[in-house]
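The values are calculated or read from the model by the stated rules, or taken from the named source; none is laboratory data. Predicted, not measured: the structure shown is a model, and the values here were computed from it. Heads up, the Cβs are rebuilt from the backbone with ideal geometry, glycines too, and the neighbour counts pull from every protein chain shown. Quick note on the areas: whole protein, heavy atoms, side chains included, nothing else; ligands and nucleic acids left out. Shrake-Rupley method; radii C 1.70, N 1.55, O 1.52, S 1.80 Å.
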Amino acid sequence: MGREAAVRHRDAKDCQRADVLPMATAQKVKTMIIERGMKPGDRLPTELELAEEFGVSRSTLREAMKFLRAENVVVIRQGSGTFVSAGTGIGEDPLGLNFTDQKNLLSNLFETRMLIEPQIAGLAAERATLQDIQNLRLLVEKMYQIQIDSATRAEMDVEFHTAVAKCTHNDVLTRVVPIINESIRRGYRDTLDDKDSFERSKRSHAGICEAIAAGNYMEARFQAERHVWETLNDVKETEER
């Protein structure tokens, strides 16, 4: 091994050793969040309190928090404290979509939606509680009230599909929703001014909601599948203009 290679090898080992304690501390913080049943938006104990609880220095704790922030486990707000993230453990690009073939990304996303979204809707129809159904209907009502140029339109789309996934009471499926959300956001940009697409989307969401409320597995799947096809067709027509 040459001198430069030996130096790089030594530096890498030193770096790994330096990361061991912060990473172990980060894992302890994750365990604490789970064991205490902390929810998104809950405030973590202060830096001093956590350092004392885990028997580490404040500098080590800060490094641990950097790991947790990178993993989207926590959100650090200067002057306010550290809070459990709303999308705990889900990064901004969980599947590395930014590094895939961008030319085919949208069609691949819709293909993925077609595979999983009808299944999610069907399972939601079997498992949704009265509170779940009430939440879905409230979202549908809000979507019928907004205008096509509303700044909240895309986010309400995302909120609806997330709520459908939550009806399954399956934490893994709920975490798959970011794939669907990415498709929604991209599709929304392509059909921004399409009034017909906007109206179809609202009707589709209402249809999915009522199928889930009725506990109709097959109808929920059908409504979700049709919604994906209609959205994809709207995007394709927009691209061809």
Using the Karplus curve 6.51 cos²θ - 1.76 cosθ + 1.60 with θ = phi - 60°, what ³J(HN,Hα) values do you get for each residue of the range 67-83, in whole Hz, with x for Gly and Pro? 4, 5, 5, 5, 8, 6, 7, 10, 10, 9, 10, 4, x, 10, x, 10, 10
Descending accessible area (1.4 Å probe), largest on the left, turns 200, 58 into 58, 200
Quick one: what are the phi-derived ³J(HN,Hα) couplings along the range 20-37, Karplus 6.51/-1.76/1.60 with θ = phi - 60°, whole Hz, x for glycine and proline? 4, 5, x, 5, 5, 5, 4, 5, 5, 5, 4, 4, 4, 4, 5, 5, 8, x
Surrounding charge for residue 167, neighbours by C-beta under 14 angstrom, Lys/Arg +1, Asp/Glu -1, total -2
